[in-house]
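Any read-out appearing in this document is the output of simple, stated calculations on the displayed coordinates, not a laboratory observation. Fair warning: this is a prediction, and the values are worked out from it, not measured in the lab. Here the Cβ is made from the backbone with ideal geometry for all residues, glycine too, and neighbour counts use every protein chain on show.
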Amino acid sequence: MKIPKERLEKYKGLKRDFAEEDYINLQPIQRGGVLTEEAMRAILEFGDGYSTCDWCPPKTARLDMITNPPIQDFYKDLAEFLGMDVARVVTRCREAKFIAFRMLGRPGDYVVLDSTAHYSSYIAAELADMKVKEVPNSGPPEFRVDLNEYVTKIEEVKKECGKLPAVVLLTHVDYLYGNLNDAKIVSKIAKEYGIPFILNCAYTAGVMPVNGKELGADIITSSGHKSWAASAPTGILAFNKSLEEKLTARSKIEGDLTKRKFAAKELAMLGCTVMGAPLITLMASFPEVVSRVERWGEEIEKVRYLVSELERIEGMRQLGIRPKMHTLTHMETEGFYKVSLTHKRKGYFLYDELRDWKIVGIQPGLTKHFKFNTYGLTWDQIRYVRDAFFEIAKKYGLSFN
Amino acid sequence: MAERFRRRAADPLHWGSNPHPGSIGDYMGISSDLKEIIGDLIKILTLLRKTSPDHRMSESQKEEIIRSLDSARSRLDKLREGIEK
């Protein structure tokens, strides 16, 4: 089919409304994925489709064996950085979870996971034909996952099925409240039962120090575009040697006519995985990522400062565990909600006001509560955000503590 | 490879030995020079991300931008000269 030229016009000169250069973007999922200078430069070199594969095939025809650009070295450095033995770059964190579920479990098996897990953890289990057993949380205002309850849930599965769950998954920092969970508690439980332990580090690895060995993780999953200053889609699957055979099992299929085999290809990765811009930005940003996790303490200082300032505004209260241990933050905002009830733009007024201040990323329409992420903002930008909220609060007559 | 071409283009022994008539063969480093210019501008963009949205800059940030602009300008001039030759 031929598409009329005028319909194609909209695909030319694509521009983003909220460029990082012009706005402060507080969108919780975007802060850790902002590209580094090196990554932007690398896109110029390797943005073309298969450009990372100029020197492929190497001795073994597989992406992780390519030495120029240094993909092979990168995989090793990535694993070491995470305190794991082996790493693979896959399309997304959810794919990493799916691969782990699929290769370690069987249809009908259980995954025991925290009740603040991201929806993609559930869907990955569903696609792997597995069931989930949720570990409860305390509800408002902390939403703290009772990590010791993993034992209860494992026992429930054992009673119900006569066998243990296939895997245990913990979300290191959840997407809702930014609560940091103590992985060591769950890894100890998983170890006692001999169940592989997956630590979902979508919001942690790449922005804060994560050492899988110290935390006792058998598998770490993460997201390049969420936390590693990489283009989407990029996911990370890192694991211990003990699981290598299962997770990187090779293809065994054979063509019935041609007798073709693909024994070098890793089955769960479907052969080669991510290449081009996503992989190359992940690699190019890696030196900065290695260095920025050391500055995590300052990121925490900044978010705690902003939270304490915002809580001076009438009706504003941080939800989740206090004090903040992560930059993803959920605020309850009764004062702004009260304003929205009589405002002609209703719940959208706050978004409009913030946008006038060139601040975006707070979900349009929300005033009762909303999330934001301050990761990577400078102190000046943090103060700018505070000032904006203060001025908006004053404009609508809210009081201050 | 681009670097090899660039060195070759900068080597006076090779001046005038255009292997591809009709091309700008004496300036084989054009693409890598161009990418360096874009790199200078990317440096500025990266800095702007740290000062958005009001772009209130410290003296050192201003100097950094000026350095990158000067570098880009000088590379652009050389690139232009290279093409005109």
Q: On a 0 to 90° scale, report how tilted helix A:276-292 is relative to the longest principal axis of chain A, with both axes built from alpha carbons and the result rounded to the nearest 10.
A: 60 degrees
Q: Just report the Cα centroid separation between the stretch A:278-326 and the stretch A:130-196, whole Å.
A: 25 Å
Q | Highest-fluctuation residue, A:80, A:214, A:38 considered, GNM on chain A with Cα pairs under 10 Å | A | A:214
Q: Please go through the residue pairs A:12/B:62; A:346/A:371; A:10/B:43; A:158/A:188 and name each one whose alpha carbons sit more than 22 Å apart in this structure.
A: A:12/B:62; A:10/B:43
Q: Apply 1/(1 + (r/R0)^6) to the Cβ-Cβ distance of residue B:59 and residue A:288, taking R0 = 30 Å, and write down the FRET efficiency to the nearest 0.05.
A: 0.75
Q. To the nearest 0.05, how large is the calculated FRET efficiency for residue A:265 and residue B:78 if R₀ is 45 Å and r is the Cβ-Cβ distance?
A. 0.45
Q. Roughly how crowded by other chains is peptide B:50-61, in terms of the mean Cβ count from those chains within 10 Å of each of its Cβ atoms?
A. 4
Q. If you project the alpha carbons of chain A onto their three principal axes, what span does each projection cover, largest first, in Å?
A. 76, 61, 46
Q) Does the stretch A:103-158 come out rounded, prolate or oblate by the C-alpha gyration tensor, with a ≥ b ≥ c the root eigenvalues, rounded set by a/c under 1.5 and, if not, prolate when a/b is larger than b/c and oblate if not? A) oblate
Q.
Take residue A:12 and residue A:356, extend 7 Å from each Cα along the Cα→Cβ direction, and tell me the distance between the two endpoints in nm.
A. 3.7 nm
(Q) Along the Cα→Cβ direction, 7 angstrom out, place labels at residue A:182 and residue A:61. What is the inter-label distance in nm? (A) 5.2 nm
Q: Place a label point 7 angstrom from the Cα of residue A:19 along the Cα-to-Cβ direction, then list the residues of the stretch A:348-362 whose backbone nitrogen is under 17 Å away.
A: A:358-360
Q | Three-way shape label, the stretch A:244-378, alpha-carbon gyration tensor, a/c 1.5 | A | prolate
Q.
Cβ neighbours within 10 Å, averaged per peptide: list A:191-204, A:89-102, B:29-42, A:374-387 in order, most packed at the top.
A. A:89-102, A:191-204, A:374-387, B:29-42
**Q.** Ordering of A:323-335, A:9-21 by packing [mean C-beta count within 10 Å, highest first]
**A.** A:323-335, A:9-21
Q. Cα centroid distance between the stretch A:1-76 and the stretch A:209-226, in Å?
A. 23 Å
Q.
Here is the link list: A:344/A:368; A:133/A:226; A:302/B:50; A:97/A:246; A:226/A:246; B:35/B:78. Which ones come out longer than 18 Å on Cα distance?
A. A:133/A:226; A:226/A:246
Q: Please determine, in degrees from 0 to 90 and to the nearest 10, the orientation of helix A:183-193 with respect to the longest principal axis defined by the Cα atoms of chain A, where the helix direction is its Cα long axis.
A: 40 degrees
Q) the stretch A:236-258 to the stretch A:364-390: how many Å between their Cα centroids? A) 45 Å
